[in-house]
Amino acid sequence: MKIIISIVAGIIICIIAQLFLPIWWIFAVISFAVSFFARYQTAGKSFLYGFIIVTVSWLSLYLFKDAANASIMSDKMATLFSIKSNYWLFGIVSVVMGILGGLTAMAAWFINKK
Amino acid sequence: MRYLKIGICLLIPIVAIYCLNRGFGSLPPLGKLMDPVNGFMANAERKNDLKNVEVDFAEYGVSGTVYFDDRLVPHVFGADEKSMYFIQGYITAKYRLWQMDIQTRAAAGRLSEIFGEKFIPYDLEQRRKGMIYASEKALAELQKDKTMLACVDAYTQGVNAFIGEQNEMSYAEYPIEFKLLDYKPEAWTHLKTMLMLKYMASTLTGFDDDVEMTNLKQLLNESDFNALFPDYTDSIDPIIPTEKVYDYRADSATANVATIENHYFNKVVDIFESQHEKNQVGSNNWALAGSKTKNGNPILCNDPHLQLNLPSLWFEIQLSAPGLNCYGASLPGAPAIVIGFNQNVAWGVTNAQVDVRDWYTIEFKDAQKSSYKYGNDWRNTTQRIETIMVKDHEPIVDTVIYTHYGPIVYEEAIVSDGKTMPVSANRVGMAMRWMAHESSEEVKTFYLLNRAKNYDDYREAISYFSCPAQNFIFAAQDGDIAITQQGKFPIKFKGQGKGVLDGSNPLNDYQTYIPFEQNPTIKNPTRGFCASANQHPTDSTYPYYYNSYDFEYYRNRIINTSLTQLNAATIDDMQALQQNNFNLPAKEALGVMLPLVNNPCRTENGACDKYKALQEWDFMNDAEAITPTYFQIWWDTLYQIIWDEMNSEKIAYTKPNNYFTIRAMRNFGNDHVLFDIVATDNKKETLADLIQSSFDIMVKTVDSLTHDDEKQLAWYLHKHTNIMHISQIPAFSKLAVNNGGYKNIVNATSETHGPSWRMIVELSSPVNAFGVYPGGQSGNPGSKYFNNFVDDWAAGKYYPLNLYLDAEAAKKSSLFTITFN
């Protein structure tokens with residue numbers, strides 16, 4: 001339960017931070033902080049939850065904005081980067097950022113582990 | 001161990017974030033770009049995010065309201081003129097900021113700042129052509145005219161109010177192109193507006209073939225040269241109908257001019273790289289008198305053929321303030337409306353196509369180039385230092401030498417570190433004399449046309465226009481129609497400026513200019529219409545000499561014939577004519593080509609059906625038709641082998657245009673020496689040989705295309721009209737637009753150029769107007785208004801252009817408003 005709450009809270013905080021702070025990499029700080037305070041059981045789980053928080057946040061932001069735009073922008077960007085479709089673009093970027101978020105979450109776990 | 005793990009887990013994200021936060025070469029900072037909130041998704045406009053907005057610019061003392069209609073056309077109602085131009089600047093920046101930025105950078109030779117080293121040669125050439133020099137002169141002229149200065153002031157303020165005084169636009173707010181190219185918007189200036197107008201001058205008059213003509217004079221004998229590059233022909237249909245009597249002579253002021261014969265250099269100008277791109281700009285315009293139209297009202301039509309890009313060159317707008325109310329196409333970066341109409345009059349332009357750029361050889365006294373020979377004296381040169389900033393590179397400092405003619409454009413440029421920089425051509429020691437360098441006040445013409453009420457206002461307005469010389473067409477509700485070829489034209493002796501001139505002889509210099517009243521013009525001609533399509537302005541009875549790098553010989557004949565036959569004309573007739581796909585050059589060429597091919601239908605082979613198709617063709621270059629593809633492949637092949645002697649890799653030549661090529665095919669005789677292929681030493685080819693071999697090549701080419709996919713032969717796919725994003729990003733472009741037409745066809749849609757704004761105005765009361773352009777009002781690729789006109793334009797549809805008489809009327813059909821107070 002605590003884990004689910006921490007993940008949901010992490011996602012919400014991450015989305016809000018991305019929305020209101022002009023720092024694109026803020027997700028890395030947030031996944032670190034969430035992991036630091038939530039004290040997950042293992043390094044692997046810390047990575048996984050950090051990954052989930054960041055990937056889900058970025059994907060939701062993408063999909064929400066994309067729906068309002070009917071994919072006009074994202075289709076063009078996917079073509080520009082020679083990526084199959086806009087959803088692949090969202091997926092690839094979110095996963096990459098998720099991995100970075102997972103790593104900082106894992107770093108927090110190692111720091112906690114005295 | 002633990003610290004190592006912490007280190008690794010933190011180091012990887014930190015390094016990754018650092019890398020994604022900065023650009024590498026042409027790669028933008030990907031992290032910033034991909035940010036789902038402030039990155040490219042910030043440019044993903046919400047489809048229905050069209051709310052009324054109020055903005056506060058009290059500090060500027062502006063007030064007014066903009067009503068946007070369902071095509072995102074702003075209808076600006078300013079409390080006064082200043083407010084109106086301020087709002088025009090603001091709204092144009094809102095939708096076209098990056099375009100304004102990049103086009104003025106391109107004009108000024110500042111692209112290397114953004115794109116790096118590879119644009120140094122381009123920038124150098126812009127500097128050496130004197131683009132900034134010309135703009136500074138125009139700016140100095142502007143500053144003398146209080147009214148015009150106030151107008152440009154307001155526009156500049158409006159643009160900068162959008163960007164923010166301290167450039168406080170956030171990354172999220174940047175147009176997507178700034179994010180992709182990784183640079184920031186900068187403040188707008190008056191100079192940028194001048195640069196934009198000079199950019200148009202360069203687009204429309206920045207061509208000549210003086211060097212090429214000089215060289216051709218050596219290659220060809222006199223009779224061939226005169227047959228292929230004559231000043232007049234017996235069959236031209238000029239803009240000013242032949243009924244016009246020129247009751248003036250090149251008067252005493254010019255007596256000293258007409259005394260010497262232009263002597264072409266008796267040697268070849270030793271350069272290779274030709275500056276002469278086969279020019280594709282052109283336009284149609286015409287005006288019908290009430291006597292020729294169904295409703296008895298004059299109708300004016302215009303479609304300027306320019307490079308088709310996204311965002312489009314044009315921005316549609318209505319400008320209204322106490323004392324004026326007009327509608328039309330504006331140039332992002334310049335105040336006022338360029339082509340449009342108001343309640344009383346309509347106006348439009350086509351390019352004059354007359355040569356206003358000449359080259360003078362300069363004899364310098366010594367290597368310092370501080371003085372040059374002029375008659376019996378030495379005149380001093382001046383120097384202009386041009387500094388080009390280059391991304392990831394040392395700045396380039398170039399010293400350009402100016403004579404009284406103009407800049408020495410082509411020579412080796414000395415760059416800051418002492419190395420030489422090759423310029424795109426090597427016209428060592430030639431000065432460019434270009435009308436775009438003269439101080440002038442083009443904005444004033446548009447400013448006054450926007451307010452014009454009648455013929456006299458029109459004449460006064462265009463009298464301020466120097467360069468690029470244009471055919472200004474005009475129609476008024478009171479019934480007048482008129483056309484004037486307006487520009488600043490030097491009075492030339494016969495042949496002056498057709499080739500390179502000797503700059504040390506003062507007789508070759510320009511002495512004086514054709515007075516405004518004596519530029520070609522006609523009001524209410526008896527035939528009931530005025531029209532122009534880049535052809536000769538006059539017949540040979542016009543007292544002044546002029547020449548062109550490329551007059552047009554086909555569209556004018558179709559238009560003039562159609563308009564002569566047309567009575568009780570309607571808007572529909574005008575639309576049909578603007579989209580006429582009749583390929584007159586094909587008709588005339590095939591008349592010579594088909595009889596000279598061995599009839600392939602005597603034996604059974606694949607060539608027969610193509611031959612038959614060409615024989616039965618109605619000469620319409622319609623989008624889905626296949627025969628135009630046969631013809632074009634055949635013609636392109638034939639044209640190349642006919643003029644093979646001009647394919648030199650060492651010497652700059654230009655080839656005769658289609659019209660004179662077809663004439664040569666008809667008149668030169670089958671075994672004329674020019675038809676012989678130079679490369680085949682022991683064989684003498686005739687015209688019939690060339691026609692046969694090019695036909696065979698065409699058949700093979702078509703068969704190989706058919707092999708892949710029969711559909712590839714559809715004319716629009718073969719022609720492949722691409723409306724490219726200005727940055728050439730294909731993802732932001734419209735490729736292979738489904739449209740017919742071609743060069744030399746009234747619907748002049750080629751691979752890259754075409755009718756960039758189609759406008760039809762019936763001067764009824766109220767005015768009844770239609771228009772369309774292949775783009776969209778928004779410059780944002782993430783907007784549904786980015787390219788929403790393209791398909792309608794290609795399909796030949798038009799939109800009603802609503803000139804609202806008051807704010808109430810505009811409000812009724814508005815989608816949303818922006819209020820300034």
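Go through the residues of segment B:577-589 one by one and say whether even a single one is without any contact (Cβ under 8 Å) to a residue 60 or more places away in the chain and touching a Gly at 6+ places or on another chain (Cβ under 9 Å). Explain how you work it out, then say what you get.
Restricting attention to segment B:577-589, the residues satisfying the condition of being without any contact (Cβ under 8 Å) to a residue 60 or more places away in the chain are B:586-587.
Checking the rest, the ones that are also touching a Gly at 6+ places or on another chain (Cβ under 9 Å) come to none.
Within segment B:577-589 (the criterion being without any contact (Cβ under 8 Å) to a residue 60 or more places away in the chain and touching a Gly at 6+ places or on another chain (Cβ under 9 Å)), the answer is no, since none of the residues qualifies.
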If we keep just the residues of segment B:203-245 that are out of contact with any Phe, Trp or Tyr (no Cβ under 9 Å at 6 or more places or on another chain) and crowded, with 20+ Cβ neighbours inside 10 Å, which is nearest to B:N524 (Cα to Cα)? B:I239
Subset of segment B:706-730 (residues that are in a helix (DSSP H, G or I) and touching a residue at least 24 places away in the same chain (Cβ under 8 Å)): B:L713, B:W715, B:Y716, B:H718, B:K719
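Among B:G479, B:G497, which is the only one that is surrounded by fewer than 23 Cβ atoms within 10 Å (Cβ to Cβ), in a loop (DSSP other than H, G, I, E, B) and of a type outside the set (V, I, T)?
Every option except B:G479 fails the conditions.
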Please find, within segment B:224-256, the residue that is modelled with the lowest pLDDT out of those that are hydroxyl-bearing (S, T, Y) and farther than 27 Å from B:L507 by Cα. B:S235
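Hey, does segment B:292-300 have a residue that's in a helix (DSSP H, G or I) and at pLDDT 90 or above? Steps first, answer last, please.
Filtering segment B:292-300 down to residues in a helix (DSSP H, G or I) leaves B:292.
With the extra rule that they be at pLDDT 90 or above, the set shrinks to B:292.
Within segment B:292-300, one or more residues are in a helix (DSSP H, G or I) and at pLDDT 90 or above.
Mind telling me which of the residues B:Q143, B:Q126 ends up being in contact with a Gly (Cβ under 8 Å, 6 or more places away or on another chain) and more than 14 Å from chain A (Cβ to nearest Cβ)? First the steps, then the outcome.
Details: B:Q143 fails: in contact with a Gly (Cβ under 8 Å, 6 or more places away or on another chain).
Only one candidate qualifies: B:Q126.
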Please work out which one of (1) out of contact with any Ser or Thr (no Cβ under 8 Å at 6 or more places or on another chain); (2) more than 14 Å from every other protein chain (Cβ to nearest Cβ); (3) in a loop (DSSP other than H, G, I, E, B); (4) at pLDDT 95 or above is the condition B:F770 fails and give its number. (3)
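Taking segment B:522-577 as the search range and keeping residues that are in a loop (DSSP other than H, G, I, E, B), among the charged types (D, E, K, R) and within 27 Å of B:A476 (Cα to Cα), which one is modelled with the highest pLDDT?
Filtering segment B:522-577 down to residues in a loop (DSSP other than H, G, I, E, B) leaves B:524-528, B:533-554, B:566-568, B:570.
From the residues that got through so far, the ones that are among the charged types (D, E, K, R) too are B:527, B:539, B:550, B:552.
From what's left, within 27 Å of B:A476 (Cα to Cα): B:527, B:539.
Numbers: B:R527: 96, B:D539: 93.
The selected residue is B:R527.
Results for (1) buried (at least 23 other Cβ atoms within 10 Å of the Cβ); (2) touching a residue at least 12 places away in the same chain (Cβ under 8 Å); (3) within 28 Å of B:K94 (Cβ to Cβ), shown as yes or no for each residue.
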{"site": "B:E125", "(1), (2), (3)": "no, yes, no"}
{"site": "B:S135", "(1), (2), (3)": "yes, yes, yes"}
{"site": "B:A138", "(1), (2), (3)": "yes, yes, yes"}
{"site": "B:Q143", "(1), (2), (3)": "no, no, yes"}
{"site": "B:T147", "(1), (2), (3)": "no, yes, yes"}
{"site": "B:Y155", "(1), (2), (3)": "yes, yes, yes"}
{"site": "B:A161", "(1), (2), (3)": "no, yes, yes"}
{"site": "B:E165", "(1), (2), (3)": "no, no, yes"}
Of (1) among the aliphatic types (A, V, I, L, M); (2) surrounded by fewer than 19 Cβ atoms within 10 Å (Cβ to Cβ); (3) touching a residue at least 40 places away in the same chain (Cβ under 8 Å); (4) at the interface with chain B (Cβ under 10 Å from one of its Cβ atoms), A:A68 satisfies every one except (3)
I'm trying to understand the selection: among the residues of segment B:503-543, which are closer than 16 Å to B:P238 by Cα and free of Cβ contacts under 8 Å to residues at least 40 places away in the same chain? B:N519
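Only one of B:Y60, B:Y85 is modelled with pLDDT of 95 or more, hydroxyl-bearing (S, T, Y) and in contact with a Phe, Trp or Tyr (Cβ under 9 Å, 6 or more places away or on another chain). Can you tell me which? Even if it seems obvious, please write down each step before you answer.
Details: B:Y60 fails: modelled with pLDDT of 95 or more.
One residue alone meets the criteria, B:Y85.
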Give A:A38, A:A43, A:A107, A:A17 a once-over and let me know the one that is over 26 Å from B:P730 (Cα atoms), without any contact (Cβ under 8 Å) to a residue 40 or more places away in the chain, out of contact with any strand residue (DSSP E or B) (no Cβ under 8 Å at 6 or more places or on another chain) and within 10 Å of another protein chain (Cβ to nearest Cβ). A:A17
Any idea which of B:S223, B:S202, B:S170 is among the small types (G, A, S) and farther than 30 Å from B:T361 by Cα? B:S170
Does B:K179 count as crowded, with 20+ Cβ neighbours inside 10 Å, within 14 Å of chain A (Cβ to nearest Cβ) and not aliphatic (A, V, I, L, M)? yes
When B:T701 is run through (1) out of contact with any helix residue (DSSP H, G or I) (no Cβ under 8 Å at 6 or more places or on another chain); (2) surrounded by fewer than 20 Cβ atoms within 10 Å (Cβ to Cβ); (3) closer than 28 Å to B:G754 by Cβ, the failure sits at (1)
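Could you please find all residues in segment B:104-121 being part of a helix (DSSP H, G or I), within 22 Å of the chain's Cα centre (by Cα) and surrounded by 17 or more Cβ atoms within 10 Å (Cβ to Cβ)? Please lay out each step first, then the result.
Quick first cut of segment B:104-121, residues part of a helix (DSSP H, G or I) only: B:104-108, B:112-115, B:117-121.
From what's left, within 22 Å of the chain's Cα centre (by Cα): B:104-108, B:119, B:121.
Once the filter is applied, which keeps residues that are part of a helix (DSSP H, G or I), within 22 Å of the chain's Cα centre (by Cα) and surrounded by 17 or more Cβ atoms within 10 Å (Cβ to Cβ), segment B:104-121 yields B:T104, B:R105, B:A106, B:A107, B:A108, B:F119.
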Just to be sure I understand, how many residues within segment B:29-63 are of a type outside the set (S, T, N, Q), under 21 Å from B:V73 (Cβ atoms) and either surrounded by fewer than 23 Cβ atoms within 10 Å (Cβ to Cβ) or touching a Pro at 6+ places or on another chain (Cβ under 9 Å) (or both)? 9
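Only one residue in B:F529, B:F489, B:F472, B:F493 is touching a strand residue (DSSP E or B) at 6+ places or on another chain (Cβ under 8 Å) and over 27 Å from B:M574 (Cα atoms), so which one is that? Steps first, answer last, please.
Details: B:F529 fails: over 27 Å from B:M574 (Cα atoms); B:F472 fails: over 27 Å from B:M574 (Cα atoms); B:F493 fails: touching a strand residue (DSSP E or B) at 6+ places or on another chain (Cβ under 8 Å).
On inspection, the qualifying residue turns out to be B:F489.
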From the set of residues in segment B:39-98 that are part of a loop (DSSP other than H, G, I, E, B) and of a type in the set (G, A, S), which is farthest from the other protein chains (Cβ to nearest Cβ)? B:A79
I want to confirm something. Restricting to segment B:731-750 and keeping residues that are more than 25 Å from B:E588 (Cβ to Cβ) and assigned to a loop (DSSP other than H, G, I, E, B), which single residue is farthest from the other protein chains (Cβ to nearest Cβ)? B:N738
Checking A:I53 against (1) at the interface with chain B (Cβ under 9 Å from one of its Cβ atoms); (2) surrounded by 24 or more Cβ atoms within 10 Å (Cβ to Cβ), which single condition isn't satisfied? (1)
Failed item, numbered, when B:T819 is tested on (1) under 32 Å from the mean Cα position of the chain (by Cα); (2) away from chain A (no Cβ under 14 Å): (1)
Pick from segment B:2-25, criterion in contact with a Phe, Trp or Tyr (Cβ under 8 Å, 6 or more places away or on another chain) and surrounded by fewer than 16 Cβ atoms within 10 Å (Cβ to Cβ), ranking: modelled with the highest pLDDT: B:N21
Residue count for segment A:81-101, restricted to those that are more than 9 Å from chain B (Cβ to nearest Cβ) and under 18 Å from A:W25 (Cβ atoms): 3
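The values are calculated or read from the model by the stated rules, or taken from the named source; none is laboratory data. Treat the numbers as computed from the prediction; the structure is a model and nothing was measured. All Cβ positions, even for glycine, are placed from backbone atoms using ideal geometry, and neighbour counts span all protein chains on display.
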